[in-house]
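Only one structure is covered here, and it is reproduced in the block below.
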Amino acid sequence: MAISSKSAVGVAIIVSLCIFPCLCVSTQAQTVIPFQPSDQFEIPSSNGDINFAVNGSYSFATFENNTWTFLNLHLNGSQTITKFMVSAQNSNITIFSYRANNNTSFQSIRLRYAAHGQGEQIFNFGVSSEQDGLDPSLTWNVVVNGNVFLAKGDGWTISKDGTLVVNGATGNVSVVHYRFNSFGNTQNSNLPFDQQHSIGIWTIAVLAIIVGAAVAIKVRETNSLKKSDLLRDFRVKELQASTKRKEGMQK
Amino acid sequence: MTWANPISIVLPVYVAIVVIGLLLIYKLTKDKTKKVSSLRLFVQIMAVFAVFMGLIIGPFDQPLFAPLGPSPRSALVGANLLGNQFPDGLSIPILACYYPNGRTITCPLWQLQAYVFPFWNYQRGYEVVYSTSGLEKIGIVLGMVAVSAVVLGRFFCGWLCPFGLYQDALTRARKALRIRHLRFSEKTNTALGQSRYIIIAVFMLLSVIFASYAIFGTQLIPGTIPGGPEGTEAGIVSKINEPFCLVCPMRPLCILILCGLGSMKWSYVSQIVYGPYWMVGFYVTSINLAILIAITILSLIYRRFWCRICPLGALTAVFSSFTPFKQIALTKLTKNEEKCTKCGVCKRVCPTEATQVFDKKGGDVTESRCMLCARCVEICPYENALELKFAGKTVMRSRNWLEQQKTGTLSSED
């Protein structure tokens with residue numbers, strides 16, 4: 001049975017319209033599981049315990065290998081973390097807030113929590129520890145009680161997949177990570193030559209103008225010096241001549 | 001939540017303070033032999049505020065201390081004006097250290113060393129790729145230094161450099177204690193002056209050697225391969241990107257002051273060190289702390305000791321005191337042979353013990369050691385014997401302050 005192309009398009013649109021809402025509904029129907037500060041996420045085998053200081057929600061949580069993994073974790077007053085892995089050994093953690101900044105020149109992630117018990121706290125924000133070849137000690141900070149920066153290797157370590165292990169910190173702890181934007185070729189590569197190299201061109205132009213002006217001033221100075229020298233010579237000669245004339249007249 | 005002082009308010013207030021301060025000092029300083037020195041001290045202090053204007057402008061209350069501190073890159077004049085072609089800031093020939101918070105301009109020596117690394121990628125080094133090549137950026141830095149030097153020469157050293165202010169403060173402290181300074185022999189002073197060029201050459205060569213893996217793809221000395229995702233273990237030498245900065249006394253001075261002011265945290269600054277004895281560090285090293293102490297002691301004994309060996313001063317001098325730049329330099333110190341009585345006071349008061357102002361018969365007496373501080377012009381007691389000229393016009397000239405003092409005609413209006 002032959003179907004005209006118009007009919008085929010019509011059927012496709014109807015089928016699409018039927019399927020699309022189903023897709024949307026399934027998206028909207030993503031489960032949101034709320035939690036409260038009283039809810040505990042325990043890690044019994046490693047004597048750890050995690051809870052949040054504020055109300056919040058997540059879409060999915062699993063507990064594997066002594067690590068809690070939260071998807072779309074949202075704390076009230078904070079932004080949503082797409083994937084957040086957290087674990088603790090011999091310590092209890094109370095997470096206060098999560099902040100992410102998207103500045104033009106750098107992005108930052110900041111997690112604030114309180115740790116009780118001198119154990120280990122393990123986090124993974126889903127970002128790689130390495131960027132631009134920078135040493136992670138430059139781009140990751142672990143700060144205790146607001147002003148004591150722990151040294152990498154001493155107070156904390158980080159693996160290449162971005163798993164941060166904080167050792168022995170107690171009290172209020174902040175974990176901060178900065179990611180700097182590359183000043184990449186890609187931003188400028190499609191621009192015309194003069195725009196790609198405008199700073200260099202400006203520098204050359206300013207240098208040329210300054211040198212030109214300086215040379216002109218030098219030439220003017222030299223000329224005026226020559227003129228004044230000539231004038232002085234002329235006056236000296238004239239003075240000598242007049243003296244001679246006077247002497248002659250006196251004789 | 002961060003906040004900042006709007007630049008539209010800070011800048012006019014700053015300019016107003018500078019103008020009013022200059023006028024007040026000019027009008028109120030009665031001692032003719034200290035008027036220029038007072039003006040210079042004021043300009044030096046205001047220059048420090050200009051160099052670290054980011055600390056005044058903000059933004060403040062950043063979550064924590066980023067590697068570049070609470071005034072991030074976007075606060076830099078360079079990042080705002082010059083964009084991604086030249087994001088590290090304008091190059092002005094003063095020791096405006098790259099490492100502290102809030103700086104608005106950048107030391108050209110840091111830039112020259114950093115831009116030696118032309119191909120930043122994971123295989124050869126960092127992946128930070130600027131939109132301009134290393135060579136182009138080095139050309140821009142040298143161009144900016146040349147422009148500055150042709151226009152103002154080593155005026156930058158005498159009037160604007162923050163480390164110069166530090167040394168002058170040490171001199172004032174010594175004077176307050178009534179301790180007399182020592183002088184080098186002329187031979188030693190000349191040798192120190194020449195050592196500047198060796199220092200800058202050695203450190204530029206070291207930069208190339210340390211960057212050899214980034215430049216040539218092969219390491220000239222072991223340990224220069226940077227670490228990367230390939231699993232290459234980084235040697236300690238690979239942490240040395242700017243070798244001169246490891247020995248520069250300005251870096252620890254800035255960091256220590258900012259830590260004292262509370263704008264940086266010592267526990268953060270001191271944690272990023274590599275190797276034993278703090279040999280290499282992102283902010284401070286044991287070497288540059290030791291050099292700062294040594295330079296401080298030497299500057300107490302000899303006036304402006306660092307300026308005699310400063311490689312940045314040497315770079316500025318190259319573009320202002322040597323042919324062909326000397327011929328076209330716009331700021332000059334000139335001497336009138338007929339007025340000079342060879343009393344030698346100019347030679348005695350010169351902080352860097354420059355000799356041409358005394359030895360040369362007349363004409364342009366600017367030399368590579370002269371910082372154009374105008375102390376000699378100020379102290380010379382012979383009318384018009386010494387003049388500081390800009391573009392052929394006299395800006396400052398010596399005055400017969402001895403005679404004026406004798407006859408009592410000297411007043412604040414003079």
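The values are calculated or read from the model by the stated rules, or taken from the named source; none is laboratory data. Not measured: the values here are computed from a predicted model. When we count neighbours, we look across all protein chains shown, and the Cβ atoms used for this are built from the backbone with ideal geometry, even at glycine.
When B:Phe325, B:Phe358 are checked against the criterion of being surrounded by 18 or more Cβ atoms within 10 Å (Cβ to Cβ) and more than 24 Å from the chain's Cα centre (by Cα), B:Phe358 stands alone in meeting it. B:Ala173 meets all of the listed conditions (1) in a loop (DSSP other than H, G, I, E, B); (2) modelled with pLDDT of 95 or more; (3) among the aliphatic types (A, V, I, L, M) but one, namely (1).
Facing another protein chain (nearest Cβ under 9 Å) and modelled with pLDDT of 85 or more: does that describe A:Gly171? No.
The set of residues from segment B:259-294 being more than 14 Å from every other protein chain (Cβ to nearest Cβ) and on the phi > 0 side of the Ramachandran plot comprises just one member, B:Tyr277. Here A:Thr203, A:Thr222, A:Thr186, A:Thr243 are screened, and the one residue that is modelled with pLDDT under 80, of a type in the set (Ser, Thr, Tyr) and out of contact with any Lys or Arg (no Cβ under 9 Å at 6 or more places or on another chain) is A:Thr186.
Out of the residues in segment B:22-39 meeting the condition of being closer than 20 Å to B:Pro351 by Cβ and either free of Cβ contacts under 8 Å to residues at least 12 places away in the same chain or in contact with a strand residue (DSSP E or B) (Cβ under 9 Å, 6 or more places away or on another chain) (or both), tell me which one is surrounded by the fewest Cβ atoms within 10 Å (Cβ to Cβ).
If we filter segment B:22-39 for residues that are closer than 20 Å to B:Pro351 by Cβ, which is where we start, we get B:25, B:29, B:31-39.
Filter once more, keeping what is either free of Cβ contacts under 8 Å to residues at least 12 places away in the same chain or in contact with a strand residue (DSSP E or B) (Cβ under 9 Å, 6 or more places away or on another chain) (or both): B:31, B:36.
On the way: B:Asp31: 13, B:Val36: 21.
Out of the qualifying residues, it is B:Asp31.
Residues being part of a helix (DSSP H, G or I), more than 29 Å from B:Thr394 (Cβ to Cβ) and facing another protein chain (nearest Cβ under 9 Å) are represented in segment A:203-210 by at least one member. Has segment B:295-306 got at least one residue that is within 19 Å of the chain's Cα centre (by Cα), on the phi > 0 side of the Ramachandran plot and away from every other protein chain (no Cβ under 14 Å)? Checked against the condition, which is being within 19 Å of the chain's Cα centre (by Cα), on the phi > 0 side of the Ramachandran plot and away from every other protein chain (no Cβ under 14 Å), segment B:295-306 yields at least one hit. Here B:Tyr277 passes the criteria (1) among the hydroxyl-bearing types (Ser, Thr, Tyr); (2) part of a loop (DSSP other than H, G, I, E, B); (3) over 13 Å from A:Asn147 (Cβ atoms) except the one numbered (2). Filtered by the rule that a residue be within 14 Å of chain A (Cβ to nearest Cβ) and more than 25 Å from B:Pro93 (Cβ to Cβ), segment B:316-362 gives B:Asn336, B:Glu337, B:Glu338, B:Gly362. Only one of the numbered conditions (1) within 24 Å of B:Gly102 (Cα to Cα); (2) more than 18 Å from the chain's Cα centre (by Cα) is violated by B:Pro252, and that is (2). Residue-level check: of (1) part of a loop (DSSP other than H, G, I, E, B); (2) surrounded by fewer than 19 Cβ atoms within 10 Å (Cβ to Cβ), B:Gly260 misses just (1).
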